[in-house]
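Below is one structure, written out as structure tokens; comments come after it.
The values are calculated or read from the model by the stated rules, or taken from the named source; none is laboratory data. Every value quoted in this text rests on a predicted model; they were computed, and no experiment measured them. Cβ placement follows ideal geometry from the backbone for every residue including glycine, while neighbour counts extend to all protein chains displayed. These area figures cover heavy atoms from the full protein model, side chains too; ligands, DNA and RNA do not enter into them. Shrake-Rupley method; radii C 1.70, N 1.55, O 1.52, S 1.80 Å.
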Amino acid sequence: MNRVRGFEVVKKYEGQGLTLPRRQTLASAGYDIEAARDITIPSIWSLNFVRIFRLIRNGHDLIGSDFLQAEEVLKPILVPTGIKAYMPEDEVLILANRSSNTFKRNLSLPNGIGVIDSDYRGEILVGLQNSGDADYVIQPADRIAQLMVVPVVQAQVKMVDQLDETQRGAGGFGSTGK
């Protein structure tokens with residue numbers, strides 16, 4: 001199996017001075033990834049979010065166009081990075097938010113994390129949402145997320161008649177705490 005992993009610039013961004021993802025310190029787990037171009041992440045508050053929130057809060061029945069508006073308001077903006085990745089089949093890249101995005105810029109990854117599989121060959125895009133009170137403009141070379149290389153362990157997929165008993169058993173959420 002090929003053990004090579006790394007990053008490269010997407011063809012349409014070649015020669016534009018993009019920086020490949022890099023760790024900021026020797027102990028950094030994540031590789032910071034930057035924006036490839038200017039892009040504005042609008043505040044959800046400037047996109048009719050308040051109107052939709054009021055309708056829901058006041059118990060109004062929403063109609064089809066209200067749902068479409070709400071979906072549009074809460075849809076993340078995809079930020080191009082101009083970067084693609086390659087890695088062995090038993091690894092995956094986890095795309096995670098930078099802590100400074102949330103606390104300094106009000107930007108978040110609405111899906112929590114992103115998973116970039118080893119067979120994906122396209123440009124890495126970062127979906128961001130702005131919960132701040134003003135639009136946020138991302139500039140080229142702004143660090144917008146981080147990538148972590150994680151090993152993947154494949155599960156055996158087959159039917160079993162019965163699982164071995166454990167101390168926990170079938171206890172669900174909160175079953176191990178008092």
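Sort out which residues of the range 1-18 are of a type outside the set (A, V, I, L, M, F, W, C) and surrounded by fewer than 16 Cβ atoms within 10 Å (Cβ to Cβ), and write them in order of number. Asn2, Arg3, Arg5, Gly6, Glu8, Lys11, Lys12, Glu14, Gly15, Gln16, Gly17, listed by residue number.
Ser99 fulfils the conditions (1) closer than 18 Å to Val4 by Cα; (2) surrounded by fewer than 16 Cβ atoms within 10 Å (Cβ to Cβ) except for a single criterion, (1). State whether the residues of the range 148-171 include one that is closer than 26 Å to Gln16 by Cβ, in contact (Cβ under 8 Å) with a residue 60 or more places away in the chain and out of contact with any Ser or Thr (no Cβ under 7 Å at 6 or more places or on another chain). Within the range 148-171, one or more residues are closer than 26 Å to Gln16 by Cβ, in contact (Cβ under 8 Å) with a residue 60 or more places away in the chain and out of contact with any Ser or Thr (no Cβ under 7 Å at 6 or more places or on another chain). Of all the criteria given as (1) in contact (Cβ under 8 Å) with a residue 60 or more places away in the chain; (2) open to solvent by less than 80 Å² (accessible area, probe 1.4 Å); (3) of a type in the set (D, E, K, R), the one not satisfied by Asp66 is (1). Filter the range 119-129 down to the residues that are farther than 20 Å from Leu74 by Cα and either at pLDDT 95 or above or outside any loop (DSSP other than H, G, I, E, B) (or both), then identify the one that is most open to solvent (accessible area, probe 1.4 Å). Within the range 119-129, the match that is most open to solvent (accessible area, probe 1.4 Å) is Asp119. Scanning the range 25-63 for residues that are touching a helix residue (DSSP H, G or I) at 6+ places or on another chain (Cβ under 7 Å) and either touching a residue at least 24 places away in the same chain (Cβ under 8 Å) or open to solvent by 20 Å² or more (accessible area, probe 1.4 Å) (or both) gives Ala36, Ile44, Leu47, Asn48, Phe49, Leu55, Leu62.
Taken over the range 113-149, the residue count meeting the criterion of being on the phi < 0 side of the Ramachandran plot, hydrophobic (A, V, I, L, M, F, W, C) and over 17 Å from the mean Cα position of the chain (by Cα) is 2. For the range 130-143, a residue qualifies if it is loosely packed, with under 11 Cβ neighbours inside 10 Å and either free of Cβ contacts under 8 Å to residues at least 12 places away in the same chain or outside any loop (DSSP other than H, G, I, E, B) (or both), and exactly one does: Val137. Taking Leu74 as the residue in question, decide whether it is surrounded by fewer than 16 Cβ atoms within 10 Å (Cβ to Cβ) and over 18 Å from Pro110 (Cα atoms). Criteria not met by Leu74.
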